[in-house]
């Protein structure tokens with residue numbers, strides 16, 4: 001099995017409702033997103049999936065999250081835009097964007113250099 005990973009980033013603001021602490025107030029992050037895909041076979045060129053394709057699809061998703069108030073984004077109107085919920089949202093969007101060209105294994109959303117949340121499906 002081969003694994004391929006790309007990283008993208010975006011900046012946005014959010015607040016976490018029902019959180020008892022500073023994160024309940026409006027604040028922002030420079031988010032980093034790692035997208036890990038897997039594929040069993042390589043193509044004729046010896047590539048599992050083109051990095052450029054992965055970056056293009058990832059950017060399409062994260063561009064929609066860039067420089068906005070995440071709590072107003074359609075995906076987070078009924079749930080907090082926590083790192084965990086964003087990881088699941090990006091995972092599902094990437095799976096749809098790739099349409100079976102590779103299996104999404106894991107999405108990790110970094111809100112700081114030392115704090116991240118991941119989502120994966122079994």
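Of the residues making up segment 72-84, those that are in contact with a strand residue (DSSP E or B) (Cβ under 7 Å, 6 or more places away or on another chain) and part of a helix (DSSP H, G or I) are 83, 84.
Here's the yes/no breakdown for (1) within 12 Å of residue 4 (Cβ to Cβ); (2) surrounded by 18 or more Cβ atoms within 10 Å (Cβ to Cβ); (3) out of contact with any strand residue (DSSP E or B) (no Cβ under 8 Å at 6 or more places or on another chain):
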position: 14; (1), (2), (3): no, yes, no
position: 20; (1), (2), (3): no, no, yes
position: 49; (1), (2), (3): yes, yes, no
position: 59; (1), (2), (3): no, no, no
position: 70; (1), (2), (3): no, yes, no
position: 118; (1), (2), (3): no, no, no
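The single residue among 95, 87 that is without any contact (Cβ under 8 Å) to a residue 24 or more places away in the chain, assigned to a helix (DSSP H, G or I) and touching a strand residue (DSSP E or B) at 6+ places or on another chain (Cβ under 9 Å) turns out to be 95. Kindly evaluate residue 49 against the criterion of being closer than 20 Å to residue 93 by Cα and part of a loop (DSSP other than H, G, I, E, B). Yes. Screening residue 39 on (1) surrounded by 13 or more Cβ atoms within 10 Å (Cβ to Cβ); (2) touching a strand residue (DSSP E or B) at 6+ places or on another chain (Cβ under 9 Å); (3) within 21 Å of residue 110 (Cβ to Cβ) shows it passes everything except condition (3).
In segment 22-36, of all residues being modelled with pLDDT under 95 and assigned to a strand (DSSP E or B), the one that is surrounded by the fewest Cβ atoms within 10 Å (Cβ to Cβ) corresponds to 27.
Going through (1) in contact (Cβ under 8 Å) with a residue 12 or more places away in the chain; (2) under 25 Å from residue 39 (Cβ atoms); (3) in a loop (DSSP other than H, G, I, E, B) one by one, residue 100 falls short only on (1).
Looking at segment 86-102, which of the residues that are surrounded by fewer than 19 Cβ atoms within 10 Å (Cβ to Cβ) and touching a helix residue (DSSP H, G or I) at 6+ places or on another chain (Cβ under 8 Å) is farthest from residue 56 (Cα to Cα)? Reasoning before the result, please.
Residues of segment 86-102 that are surrounded by fewer than 19 Cβ atoms within 10 Å (Cβ to Cβ), as a first pass: 92, 95-101.
Cutting the leftovers down to touching a helix residue (DSSP H, G or I) at 6+ places or on another chain (Cβ under 8 Å) gives us 97-98, 101.
Working: 97: 10, 98: 10, 101: 14 Å.
Among those that are surrounded by fewer than 19 Cβ atoms within 10 Å (Cβ to Cβ) and touching a helix residue (DSSP H, G or I) at 6+ places or on another chain (Cβ under 8 Å), it is 101.
Every listed requirement among (1) modelled with pLDDT under 95; (2) surrounded by 15 or more Cβ atoms within 10 Å (Cβ to Cβ) is met by residue 77 save one, (2).
If a residue has to be within 16 Å of the chain's Cα centre (by Cα) and touching a residue at least 60 places away in the same chain (Cβ under 8 Å) to count, how many in segment 13-37 make the cut? Explain how you work it out, then say what you get.
Filtering segment 13-37 down to residues within 16 Å of the chain's Cα centre (by Cα) leaves 13-14, 29-37.
Those left that are additionally touching a residue at least 60 places away in the same chain (Cβ under 8 Å): 14, 29, 31-37.
Looking only at that region, the number is 9.
The values are calculated or read from the model by the stated rules, or taken from the named source; none is laboratory data. No experiment lies behind these values; they were computed from the predicted model shown. When we count neighbours, we look across all protein chains shown, and the Cβ atoms used for this are built from the backbone with ideal geometry, even at glycine.
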